[in-house]
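Step one of this worksheet: look at the structure below.
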Amino acid sequence: MILKDVMRTFAPPPLRRIAEDGPRALLPPPALLRRLPPPLLPIQPLLHRIVTDIARCHPRLFTRLGDSALRRFLVDVEELPFVLLLQPNPAEPRFTAHHRHRVPAHDVRIAGTFEALFRLLDSEADSDALFFSREIVVEGDTEAIVALRNAIDDLEGPLTEDIAAAFGPLAGILRRLLAALRTIFGEKGS
């Protein structure tokens, strides 16, 4: 008997759920997660650190956007209880989290699952293929969307690695956290 079978047979109901559903069982249901207002204050410094470090390491990414660098890109990760707003102005890049019920003004909206957006940032998937398969939805300023896609495509290596590297000695922990989130959210279709 493997551990999973033992847990299904002898464990109390909450642990049985983990055995059957895997790590995803540890998360509240997505409908509840989206209704709860998340504490955004602790997230803001992390997002600021990410965008300033990427701007420092890849200044061409931001300048490659041209006039589109002044646009506001809303990133809507379906599983998260908040949305993200990227303002890639090379002079002062900003990346902030906002409550879903107070979506900020934006020029472009990019929406999709955590897994689809992660694959896009990790250079594992073609952005056109994700768009045409409807794994990612884009709305708004088409010129800005194309400029952002081209700028990301021109990067060498996965952007997720640069995000993790922004945290120095904590990069290993962040890599493991991202891998765990991919496992949890990737099991959605399983």
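The values are calculated or read from the model by the stated rules, or taken from the named source; none is laboratory data. Keep in mind it's a predicted model, so treat the numbers as computed, not measured. Don't worry about glycine lacking a Cβ; one is built from the backbone with ideal geometry, like all the others, and counts go over all protein chains shown.
Data overview
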| read-out | value |
| --- | --- |
| Exclusive hit being among the basic types (Lys, Arg) and under 16 Å from residue 74 (Cβ atoms), set 109, 119 | 109 |
| Count - residues of the range 138-177 that are part of a strand (DSSP E or B) and within 16 Å of the chain's Cα centre (by Cα) | 1 |
| Test: residue in the range 116-127 that is surrounded by fewer than 16 Cβ atoms within 10 Å (Cβ to Cβ), without any contact (Cβ under 8 Å) to a residue 60 or more places away in the chain and not β-branched (Val, Ile, Thr) | yes |
| Filter result for the condition that a residue is in a helix (DSSP H, G or I) and modelled with pLDDT under 85, over 56, 119 | 119 |
| Looking only at the range 128-165, and only at residues there that are among the small types (Gly, Ala, Ser) and at pLDDT below 80, the one that is farthest from residue 77 (Cα to Cα) | 157 |
| Answer from 86, 178 - the residue that is touching a Phe, Trp or Tyr at 6+ places or on another chain (Cβ under 7 Å), under 28 Å from residue 42 (Cα atoms) and surrounded by 15 or more Cβ atoms within 10 Å (Cβ to Cβ) | 86 |
| Subset of the range 75-98 that is among the hydrophobic types (A, V, I, L, M, F, W, C) and more than 20 Å from residue 181 (Cβ to Cβ) - its residue that is modelled with the lowest pLDDT | 91 |
| Inter-residue pairs, beta-carbon under 9 Å, first in the same structural domain as residue 60 (by TED's automatic domain parsing) and in the range 87-99, second of a type in the set (Ser, Thr, Tyr), 6+ apart | 87/96; 88/68; 90/63; 93/52; 95/52 |
